[in-house]
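Working notes, beginning with the structure itself.
Values in this text are rule-based calculations from the coordinates and carry no lab data. All values derive from a computational prediction rather than experimental measurement. Here the Cβ positions follow ideal geometry from the backbone for every residue, glycine too, while neighbour counts run over all protein chains shown.
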Ligand SMILES: Nc1ncnc2c1ncn2[C@@H]1O[C@H](COP(=O)(O)OP(=O)(O)OP(=O)(O)O)[C@@H](O)[C@H]1O
């Protein structure tokens with residue numbers, strides 16, 4: 001349940017806006033999560049500014065997915081604080097309330113309705129909880145049509161609006177899914193490995209899309225592809241063993257001896273090697 005400053009209960013549907021007067025939209029403080037005694041997150045602190053585009057990197061098992069799970073209510077931390085703006089305590093909300101409050105998540109695998117058109121997929125998302133049948137037989141208002149047009153424009157699928165989603169390329173399906181999330185007008189978008197499996201050209205367009213969303217939305221991208229991270233990131237957070245190891249611009253991260261040591265020593269994977277090699 002969300003409460004206002006005086007402690008009165010409010011529901012997530014009452015259009016509660018996160019208070020970002022201090023410039024921060026997401027506060028994650030001293031968060032720990034254990035699985036059978038193993039600390040997947042260990043006193044983690046992370047602050048995301050309103051409208052920023054943040055990249056989250058780290059070796060396999062560093063805790064990136066667990067962090068996304070905590071923010072979206074899928075996993076409850078053992079301790080710590082997770083606030084949306086200054087006043088909304090996300091630990092008191094369930095997954096669907098968190099989504100309704102304005103935090104959208106895109107998983108790695110696209111889950112669009114393949115038999116429906118691109119337009120209809122977005123139309124369904126616009127309808128929210130109303131259900132497929134109600135929304136497909138409900139006549140759209142001019143305003144709703146305009147909104148769908150705007151989203152199609154943003155995700156670059158205007159030409160494909162009436163194609164069945166099943167005919168889209170892998171990259172286009174990913175953009176459609178981002179468009180479906182945008183229908184709910186989220187303040188924060190969590191995007192998990194958006195360019196995995198994409199062609200070079202699709203990767204470039206995804207970089208443009210995510211960069212264009214920042215400002216109006218705060219975007220957190222989890223990604224292993226360092227070239228992609230370099231192309232979009234203003235600020236990068238490196239997770240290691242459930243805590244923040246380093247935070248800064250890409251060049252600061254690349255020059256950080258701890259980051260180089262941990263990646264190269266621990267995993268030696270290509271993404272991490274790229275960080276070392278670039279330093
Ligand atoms: N439900 C769970 N039960 C037990 N251990 C878990 C569970 N979820 C995650 N872990 C462990 O917690 C640690 C952090 O996992 P997490 O998936 O958050 O890492 P990650 O940074 O997202 O890694 P990857 O890049 O491989 O996705 C790992 O050691 C993982 O095995």
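How much FRET efficiency would the formula 1/(1 + (r/R0)^6) give for residue 163 and residue 251, where r is the Cβ-Cβ distance and R0 is 45 Å, rounded to 0.05?
Values: r = 41 Å, r/R0 = 0.92.
Rounded to the nearest 0.05, the efficiency is 0.65.
In 10 Å bins starting at zero, report the fraction of Cα pairs in segment 35-96 per bin as a rounded %.
For segment 35-96, the binned pair fractions read 18, 53, 27, 2 percent.
Could you compute the FRET efficiency for residue 153 and residue 29, with r as their C-beta to C-beta distance and R0 at 41 Å, rounded to 0.05? Spell out each step's value before the answer.
Details: r = 38 Å, r/R0 = 0.93.
That gives a FRET efficiency of 0.60.
For the residue pair residue 212 and residue 91, what label-to-label distance in nm results when each label sits 7 Å from Cα along the Cα-to-beta-carbon direction?
3.9 nm
Report relative contact order for segment 73-213 in percent, whole number only (criteria: Cα-Cα under 8 Å, sequence separation at least 6). Please list the in-between numbers first.
Numbers: 156 pairs, mean separation 45.9, N = 141.
33 percent.
Roughly speaking, what is the stretch gain from residue 114 to residue 145, that is 0.36 nm per residue apart minus the C-alpha to C-alpha distance, in nm to one decimal?
Details: separation 31, 0.36 × 31 = 11.16 nm, distance 2.08 nm.
Result for the pair: 9.1 nm of gain on full extension.
Taking neighbour counts of Cβ atoms within 10 Å as a proxy for exposure, in what order, fewest first, do 22, 217 appear? Write out the running numbers ahead of the final one.
Details: 22 12, 217 22.
By the 10 Å Cβ count, ascending, the order reads 22, 217.
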